[in-house]
Amino acid sequence: MSPAAIRVLRLHPWRVSPHRAAAIQEALAGHLRLRDGPRRLRLVAGADAAYDQAAPLVHAAVVVLAYPDLTLVEQRAASLPVTFPYIPGLLAFREGPALLRAFEALTVSPDLLFFNGHGIAHPRGLGLASHLGILLRTPAIGCALQPLLGSFQEPPPQAGAFTWVRSGRHVLGAALRSRTAVRPIFVSPGYRLSVRRAVRLTLTLCRGFRLPEPLRWAHQAANRQRALHAAAR
DNA sequence: GCGACAG
DNA sequence: ATCTTGTCGC
C-alpha cells in the first residue's frame with residue numbers, strides 16, 4: 001500500500017462521512033494485487049459480523065481453521081458501537097472496524113481470508129474483502145449471498161458448477177453453485193487472488209453447505225458473541 | 001432522469 | 001443484517 005493511501009487511512013481511520021468513505025475506496029482501489037494467491041495453504045480464516053440493534057453494536061468474529069482438516073485453531077471476537085449506516089457499496093466502513101479489532105487479537109497469521117461480502121465485484125472495485133485484504137496484507141476472498149454488481153447467467157444445478165459475473169468486458173467473479181439445487185453464492189477475489197483461484201479455493205472449502213466452512217464457523221461465532229454480550233448486561 | 005443496491 | 005411462527009421439504 002502506498003504512503004499516500006496509508007495517510008488517507010491515518011487521517012480518517014473509520015470515522016468518516018459516506019462521501020469521504022467513497023474517496024478512501026478510490027485511493028485504495030489502486031493497490032489491489034491479484035493473481036498471487038497463498039504459496040501454501042495451512043491456515044484459513046473466516047470473518048463475519050452480527051448486529052445488536054438495541055445497543056446498537058456490531059459484533060465481529062474471526063475463526064482460523066487448519067487446512068485441509070478444517071479443525072479450529074483460534075477464534076477471536078470484538079464488539080464496537082455502530083458508527084456508520086448500511087449503504088450498499090460502503091459495507092467495509094460499517095463492519096470493518098470491529099472485524100479488524102478481532103483480527104488484531106489473533107496470535108496466528110492466516111494464509112487466506114474469507115469475508116461475508118464481495119471482493120472486486122463492487123462499484124469501485126473495492127468491496128469488504130478487498131478493503132480488509134489490503135489492510136491485513138493477506139490474500140482474501142469475498143463470498144456473498146446476493147449479487148451487487150455485474151451480470152451473469154444462472155449456473156447449472158450441480159454442485160461445483162459456476163458462471164462468470166461480468167461487468168463491462170471484465171470478469172470480476174462467479175455465481176457458484178456451492179451445493180446442488182441451492183441458490184448460487186457470489187464469489188469474487190478480494191486481494192492477491194485471480195478470479196479463477198478464488199472460485200477454486202472457495203469450492204475446496206465447501207463441505208456440503210451453501211457457504212464455505214470458514215464463513216459458517218464465523219457466522220456462528222459472531223452470533224455467539226452477540227448472545228454473550230447481551231447476556232452480560 | 002429512473003431504478004438497483006453486499007450486510 | 002434484524003424483527004418473528006409456523007411450515008414445506010430433503
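The values are calculated or read from the model by the stated rules, or taken from the named source; none is laboratory data. Here the structure is a predicted model, which means the values were calculated and not measured. Cβ atoms come from the backbone with ideal geometry, glycine included; neighbour counts cover every protein chain shown. Remember, those area values only see protein heavy atoms, side chains included, never the ligands or the DNA or RNA. Shrake-Rupley method; radii C 1.70, N 1.55, O 1.52, S 1.80 Å.
Some values worked out for this structure:
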{"quantity": "Only one of A:R192, A:R200 that is within 23 Å of A:A45 (Cβ to Cβ), away from DNA strand B (no atom under 13 Å from the Cβ) and in contact with an Asp or Glu (Cβ under 9 Å, 6 or more places away or on another chain)", "calculated": "A:R192"}
{"quantity": "Leading residue by the ranking (most open to solvent (accessible area, probe 1.4 Å)) among those in the range A:54-76 that are in contact with a strand residue (DSSP E or B) (Cβ under 8 Å, 6 or more places away or on another chain), closer than 17 Å to A:Q225 by Cα and in a loop (DSSP other than H, G, I, E, B)", "calculated": "A:P56"}
{"quantity": "A:S79 vs. criteria outside any helix (DSSP H, G or I) and away from DNA strand C (no atom under 16 Å from the Cβ)", "calculated": "no"}
{"quantity": "Flag for A:A218 being under 14 Å from A:F114 (Cβ atoms), within 12 Å of DNA strand B (Cβ to nearest atom) and either modelled with pLDDT of 95 or more or of a type in the set (G, A, S) (or both)", "calculated": "yes"}
{"quantity": "Filter result (farther than 14 Å from A:V199 by Cα, open to solvent by 30 Å² or more (accessible area, probe 1.4 Å) and under 19 Å from the mean Cα position of the chain (by Cα)) within the range A:136-173", "calculated": "A:L136, A:R137, A:L145, A:Q146, A:P147, A:L148, A:L149, A:G150"}
{"quantity": "Unmet requirement for A:D69, which otherwise passes all of (1) more than 11 Å from DNA strand C (Cβ to nearest atom); (2) farther than 16 Å from A:A140 by Cβ; (3) touching a residue at least 12 places away in the same chain (Cβ under 8 Å)", "calculated": "(3)"}
{"quantity": "Hits in the range A:20-37 (condition: at pLDDT below 90 and open to solvent by 20 Å² or more (accessible area, probe 1.4 Å))", "calculated": "A:R20, A:A23, A:A27, A:G30, A:H31, A:R33, A:L34, A:R35, A:D36"}
{"quantity": "Given (1) outside any loop (DSSP other than H, G, I, E, B); (2) closer than 21 Å to A:I134 by Cα; (3) open to solvent by 50 Å² or more (accessible area, probe 1.4 Å), index of the condition A:R40 fails", "calculated": "(1)"}
{"quantity": "Tally of residues being of a type outside the set (A, V, I, L, M) and either within 14 Å of DNA strand B (Cβ to nearest atom) or part of a helix (DSSP H, G or I) (or both) across the range A:21-37", "calculated": "2"}
{"quantity": "Residue pairs meeting the criteria (Cβ under 6 Å; at least 6 apart or on separate chains; first farther than 23 Å from A:L70 by Cβ, in the range A:31-48; second polar (S, T, N, Q) and part of a loop (DSSP other than H, G, I, E, B))", "calculated": "A:L34/A:S194; A:R35/A:S194"}
{"quantity": "Considering residues of the range A:221-233 that are modelled with pLDDT of 95 or more and touching a strand residue (DSSP E or B) at 6+ places or on another chain (Cβ under 7 Å) only, the residue nearest to DNA strand B (Cβ to nearest atom)", "calculated": "A:A222"}
{"quantity": "Failed criterion for A:V165 (all others in (1) over 23 Å from A:V82 (Cα atoms); (2) within 11 Å of DNA strand B (Cβ to nearest atom); (3) touching a Gly at 6+ places or on another chain (Cβ under 8 Å) hold)", "calculated": "(2)"}
{"quantity": "Answer residue from the range A:86-119, given it is in a loop (DSSP other than H, G, I, E, B), near DNA strand B (Cβ under 8 Å from one of its atoms) and not hydrophobic (A, V, I, L, M, F, W, C) and is most open to solvent (accessible area, probe 1.4 Å) among those", "calculated": "A:Y86"}
{"quantity": "Test result for A:S17, among the polar types (S, T, N, Q) and modelled with pLDDT under 90", "calculated": "yes"}
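This table checks each residue for (1) of a type outside the set (K, R); (2) within 16 Å of DNA strand C (Cβ to nearest atom); (3) under 22 Å from A:R33 (Cα atoms).
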residue: A:Q75; (1), (2), (3): yes, no, no
residue: A:L90; (1), (2), (3): yes, yes, yes
residue: A:D111; (1), (2), (3): yes, no, yes
residue: A:P123; (1), (2), (3): yes, no, yes
residue: A:R137; (1), (2), (3): no, no, yes
